[in-house]
Amino acid sequence: MNEHAGVTLDDVRRVAELANLELTAAEEPRMQRDLNAILGHIDQLNELDTTGVPPMTQVGEMLGGTLLGRGEVLRMDEVRPSLDRSEVMSAAPETDGRFFKVPKVIER
């Protein structure tokens, strides 16, 4: 790994906390090793010379405008009118006028 010091156990614990994961003491070093291996592979990819390699194309262009050659045509991306906010909010069980209010589902 060239430019970074690697993932520490504190980093693993912080990421696990943010992801709401409960890692055992035995899992933490394994996760650290795996994350450092991933970063090592990314470092190797960053060393590749991509000069002259064209950027990847969009899926629609790769498929020639059809989906998997089965005849389904991908629709064009176009701006269309949205739902009326006041109408949607009036049908909501609970709202503050701008956003839906929902019960908290994640507890710490």
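The values are calculated or read from the model by the stated rules, or taken from the named source; none is laboratory data. As the structure is a prediction and not an experimental result, all values here were calculated from the model. Here Cβ is always computed from backbone atoms with ideal geometry, including for glycine, and neighbour counts include all displayed protein chains.
Pick from segment 10-24 the residues that are among the aliphatic types (A, V, I, L, M) and either part of a loop (DSSP other than H, G, I, E, B) or more than 22 Å from the chain's Cα centre (by Cα) (or both): which of them is farthest from ILE106 (Cα to Cα)? If you could, list the steps in order and put the result at the bottom.
Restricting attention to segment 10-24, the residues satisfying the condition of being among the aliphatic types (A, V, I, L, M) are 12, 15-16, 18-19, 21, 23.
If we keep only those that are either part of a loop (DSSP other than H, G, I, E, B) or more than 22 Å from the chain's Cα centre (by Cα) (or both) as well, we get 19, 21, 23.
Values: ALA19: 12, LEU21: 12, LEU23: 18 Å.
Among those that are among the aliphatic types (A, V, I, L, M) and either part of a loop (DSSP other than H, G, I, E, B) or more than 22 Å from the chain's Cα centre (by Cα) (or both), it is LEU23.
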Kindly establish whether ARG98 is within 30 Å of ALA19 (Cβ to Cβ), at pLDDT below 70 and not small (Gly, Ala, Ser). no
Part of a loop (DSSP other than H, G, I, E, B), modelled with pLDDT of 70 or more and farther than 30 Å from LYS101 by Cα - does that describe any residue in segment 25-39? yes
Restricting attention to segment 71-89, the residues that are polar (S, T, N, Q) and modelled with pLDDT of 90 or more number exactly 1
